[in-house]
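A.B. asks: Below you'll find the structure I mean.
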Amino acid sequence: MAKAESAATGIPSGLSSAESAARLARDGANILPGKLPVPLWRRVAGQLRDPLILVLLVAAALTAATGDWADMAVIMLVIVVNGSVGVVQEVRADRAITALSHLTAPTARVIRDGSQAQVPAAGIVVGDLLVLAEGDIVPADAEVVESAALLVDESALTGESVPVDKGFEDVVSSGTVVVRGRGRAVVTAVGVASATGRIASLMAKGAGLTPLQRRLMGVGRMLAGVTVLLCAAVLALGLLRGQPVELMVVTAISLVVAAVPESLPAVVTLSLALGARRMAARNALVRRLPAVETLGSVTVLATDKTGTLTEGRMVVQRIWTPSGEATLTGSGYAPEGEIVRDRLLDAEDLTHLLVAATLCNDARLSQDPRGEWTALGDPTEAALLVAAAKLDLDRPQLQRRFPRLAERPFDSGRKRMSTAHRLLDGRARVICKGAPEALLHPPVLVDDAALLARAAERADQLAEAGYRVLAVARTDLDVVPETVEESGLTLLGLIAILDPPRPAAAAAVTAFKRAGIRPVLITGDHPGTARAIATSLGIIGTGDQVIDCRDPGEAGQTRAGVYARATPEQKLDIIQNMRESGDILAMTGDGVNDGPALRRADIGVAMGRRGTEVARQAADLVLVDDNLETVVAAVEEGRRVYDNIRRFLVYGLSGGAAEIAVMLLGPFAGLALPLLPAQILWINLLTHGLPGVALGGEPALPDTMARPPRPPAQSIMGAGLWLRVIRIGIVLTAVTLGVAIWAYHTGRPWQSMAFFALGATQLGVAIGSRTRPGSLANPALLLAVAGALVLQLAALYLPPLRGLLGTEPLGMADLLIVIALSTLGYAAVRLDRTLHPTPPRGPGDRPVAASPLHSLPLNHQADPGTRS
């Protein structure tokens with residue numbers, strides 16, 4: 001029966017095999033249901049719905065109608081490559097839900113038919129009696145019915161950095177880890193109804209379109225409308241002037257192709273791919289290409305605390321005894337560092353304190369084959385062992401010298417743990433450690449009131465500074481006690497512990513602020529702990545507000561710098577509120593609880609080493625080195641990519657605008673048909689081909705990370721880009737028409753001269769668009785322009801191409817004149833950038849200044865439920 005209990009103990013005795021089989025058939029397996037696979041055709045159709053791709057499809061169809069199969073093939077190749085990349089990205093993103101199914105334990109121990117058995121985790125049912133021990137992953141949500149010093153690490157699920165003790169009727173959640181003790185628990189929820197299952201349902205909600213996709217959709221809609229209008233205008237104008245209908249239809253179609261920068265998807269894909277490769281070299285792995293650009297758009301960086309801003313490992317940093325204080329150096333669980341004593345601290349007092357902390361301790365340290373130190377058990381107790389090792393105290397030797405006789409495990413009611421040990425003379429020593437408020441008073445301690453008051457005052461100071469404080473006391477008894485009594489003890493001292501920040505975290509916060517990106521801390525940890533971290537790293541000022549998400553009235557704010565005690569659901573709400581307020585948000589995380597937030601943010605950033613598989617699969621970017629500074633490098637790459645896309649748009653659209661303007665204005669200057677349809681397509685193919693794509697490889701500008709991010713609502717053509725296109729387009733048009741009109745009136749091959757001038761002047765614009773003119777940076781662009789110029793010359797002098805394009809060879813003098821005038825394209829770009837620099841991106845005229853880092857020590861505030 002589900003509620004069968006042992007008559008002797010009152011503890012449920014588990015299910016029978018028949019009952020568990022019936023429940024398994026009724027409720028289903030303890031697994032997370034997989035998402036129905038999306039058919040390939042539907043993924044492809046989704047890619048083809050992009051407005052820019054639709055324009056390209058129309059252009060390809062119209063080009064095929066002219067019989068220019070080569071140009072059509074180029075356009076179709078761009079469409080196929082871009083669509084294929086998009087499909088691959090979707091497939092990889094869908095793995096996030098699948099990763100959750102691997103989180104649950106593959107096997108679990110239960111009581112079946114009155115005896116312990118090991119069964120697959122998928123076979124766990126509601127009512128099963130779980131047997132939990134140190135190191136076990138909890139396979140389902142359950143209620144504790146028996147506990148012996150049971151301590152559970154819930155950080156991956158809740159974000160809390162300190163393990164939680166579990167007693168009778170407490171709840172343990174699926175996916176959490178038992179770090180100490182043992183216990184039994186009755187299963188209350190499995191599969192999708194469990195804590196992991198609820199997170200899986202949240203992860204089904206995607207983040208929607210990236211900023212780049214939204215901006216390119218706007219450009220695509222605009223181009224679609226413009227091309228239709230231009231096609232109708234040119235066709236009508238030609239017919240009114242008496243041109244043949246067939247010729248004008250072909251010409252109009254050619255102009256449509258010229259108006260659409262069909263290399264834009266290729267430029268975007270190449271820019272993103274190059275950015276992803278650069279990021280990989282800097283320890284940032286991109287899982288979804290649009291994330292590269294999205295990083296460059298970020299206005300807010302939301303980060304969790306444990307494992308991201310901090311090392312995720314507790315470290316003893318301060319020790320207080322009645323005779324004086326000491327400071328400890330070193331980080332992590334490696335027993336490396338030193339203890340620096342002040343001149344008043346008695347060495348014997350320090351030794352007695354750390355010996356007691358080592359004996360009243362259930363954690364263990366171990367070194368793996370790679371030489372890395374890890375801890376098994378409560379991280380706080382592991383930190384005490386590391387501190388003792390820095391004093392050259394050997395724990396196995398101490399355990400042999402003072403064997404443990406009895407213990408009283410920690411519980412949240414007493415807030416302390418006590419052990420009894422045999423001394424060499426046969427007497428017994430009782431050691432107690434726990435929260436200061438649970439120890440620093442009679443009858444637990446027998447010290448005089450003045451000492452207790454001084455210790456309590458110092459404990460409060462350390463707690464206010466953010467440390468987690470433990471008090472340690474002991475007493476020696478003549479008779480070995482039958483039970484451990486927690487009274488009549490003498491205070492040995494206080495130990496202050498924290499989860500220290502990563503060394504690079506402060507520099508990263510400074511870099512984000514310098515770049516105009518607002519850092520925000522969202523954590524499940526205590527408000528005091530969150531404030532200490534955020535203040536010391538410069539995320540907030542000393543007096544700034546910290547939002548406690550337990551207060552519904554505060555959780556909805558979008559301009560706070562710190563959100564504490566946030567559940568996975570509240571993280572989603574915070575992120576959504578920020579996005580709705582106009583921010584573009586990046587979210588970092590490493591735990592299961594961060595998975596939904598990573599998916600909901602504009603870009604999710606997961607830790608590669610410490611992070612869970614769920615977080616890595618949900619993220620767009622994975623930090624191989626778990627270093628927040630790597631995000632700074634990724635943001636720089638994202639801004640570079642976006643700058644290069646805008647650079648190509650200026651180049652491509654100004655050239656297309658010039659081609660259209662020449663065709664529209666030429667007849668008014670006596671040039672009946674300035675360019676033939678084949679000539680338009682040839683120029684478009686050369687200029688928008690390799691040179692346009694090569695522009696995507698331009699290096700970043702020197703001030704890239706000293707500028708604020710662009711306004712989230714700004715169009716990709718904003719900040720004066722349309723005006724720049726028009727100004728450069730006017731220069732290209734003037735050079736081309738000027739050459740054509742002069743050649744027409746002097747009896748030269750004016751159409752061929754206009755054809756060469758328009759192509760060569762656009763190539764000059766490509767060279768002038770470089771971020772580092774005069775250098776060998778981005779040699780691919782130099783080679784592409786040189787190759788395109790050679791092909792442009794071949795169109796004048798190779799007979800097969802002359803016959804195809806309807807050109808005539810130019811004399812050397814005429815050719816040199818046109819080449820000289822074509823350099824005005826280069827001059828136009830450089831002069832325009834000097835006379836019309838890009839306006840500031842942010843709301844002010846300057847980048848957002850970084851706040852100075854605070855000089856206060858980085859500490860943790862003790863939680864009222866401090867545990868030992």
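What follows is calculated from the coordinates using simple rules that are stated; it is not laboratory data. Being a predicted model, the structure only gives us computed values, none of them experimental. Note that we place each Cβ from the backbone using ideal geometry, even for glycine, and neighbour counts take in every protein chain shown.
A.B. asks: Using θ = phi - 60° and the Karplus curve 6.51 cos²θ - 1.76 cosθ + 1.60, what whole-Hz ³J(HN,Hα) does each residue of the stretch 392-399 get, with Gly and Pro shown as x?
C.D. replies: With coefficients 6.51, -1.76 and 1.60, one gets 6, 8, 9, 5, x, 5, 5, 5 Hz.
A.B. asks: Between L57 and A669, what FRET efficiency comes out of the Förster formula 1/(1 + (r/R0)^6) with R0 = 51 Å and r the beta carbon distance, rounded to 0.05?
C.D. replies: So the FRET efficiency works out to roughly 0.90.
A.B. asks: What are the residues whose amide H is under 5 Å from the amide H of R112, where those residues sit 5 or more places off or on another chain and H is modelled from the backbone?
C.D. replies: It is A117, by chain and number.
A.B. asks: Follow-up question, since we're still on this one. For every other residue with a beta carbon closer than 14 angstrom to the beta carbon of V472, add +1 if it is Lys or Arg and -1 if Asp or Glu, then tell me the sum.
C.D. replies: Computed value for this residue: +4.
A.B. asks: Quick check: residue separation of V171 and L376 times 0.36 nm, minus the Cα distance between them. What number comes out in nm?
C.D. replies: 71.6 nm
A.B. asks: Once the dipole of the stretch 620-679 is set up with Lys and Arg at +1 and Asp and Glu at -1 on Cβ about the Cα centre, which of L673, L649, L623 lies farthest towards its positive end?
C.D. replies: Of the options given, the answer is L673.
A.B. asks: With θ set to phi - 60° and the Karplus curve 6.51 cos²θ - 1.76 cosθ + 1.60, what are the ³J(HN,Hα) couplings of the stretch 778-783 in order, to the nearest whole Hz, using x for Gly and Pro?
C.D. replies: My calculation for the stretch 778-783 gives 6, x, 4, 5, 4, 5 Hz in order.
A.B. asks: Amide H neighbours of I584 under 5 Å, counting only residues 5+ apart in sequence or on other chains, H built in-plane at 1.01 Å?
C.D. replies: T299, V300
A.B. asks: So how do Y826, Y467 line up by other beta-carbon neighbours within 10 Å, fewest first?
C.D. replies: Values: Y826 19, Y467 26.
Result, fewest neighbours first: Y826, Y467.
A.B. asks: Ranking request for peptides 534-541, 799-806, 767-774: highest mean number of other beta-carbon atoms within 10 Å first, then the rest in descending order.
C.D. replies: Details: 534-541: 22.8, 799-806: 13.4, 767-774: 16.6.
Going by the mean number of other Cβ atoms within 10 Å, highest first, we get 534-541, 767-774, 799-806.
A.B. asks: When the Kirkwood radius is taken over all Cα pairs of the stretch 658-778, what Stokes-Einstein diffusion coefficient follows at 20 °C and 1.002 mPa s, in µm²/s?
C.D. replies: 131 µm²/s
A.B. asks: Got the relative contact order for the stretch 315-496 handy, in percent, Cα pairs under 8 Å and 6 or more residues apart?
C.D. replies: Reported as a whole number, the value is 21 percent.
A.B. asks: Between their Cα atoms, which of K305/K433; K433/K513; K305/K415; K305/K390; K415/K513 are more than 32 Å away from each other?
C.D. replies: Numbers: K305/K433 27 Å; K433/K513 42 Å; K305/K415 25 Å; K305/K390 27 Å; K415/K513 41 Å.
Violating the 32 Å limit, Cα to Cα: K433/K513; K415/K513.
A.B. asks: Same structure again: From the phi angles alone, apply the Karplus equation (6.51, -1.76, 1.60; θ = phi - 60°) to the stretch 644-659 and give each ³J(HN,Hα) in whole Hz, x where the residue is Gly or Pro.
C.D. replies: In residue order, the calculated couplings are 5, 5, 5, 4, 5, 4, 4, 5, x, 6, 5, x, x, 5, 5, 4 Hz.
A.B. asks: Using Cα centres only, tell me the gap between the stretch 642-674 and the stretch 398-431 in whole Å.
C.D. replies: Value for the Cα centre distance between the two parts: 86 Å.
A.B. asks: Next question, about the same structure. Enumerate the amide H contacts of D165 below 5 Å, restricted to partners 5 or more residues apart or on another chain; note that Pro and chain-start residues carry no placed amide H.
C.D. replies: Those qualifying (amide H under 5 Å, at least 5 residues apart or on another chain) are V152.
A.B. asks: In whole angstrom, note down how far apart the Cα centers of the stretch 360-379 and the stretch 448-521 are.
C.D. replies: Each part reduced to its Cα centre gives a spacing of 21 Å.
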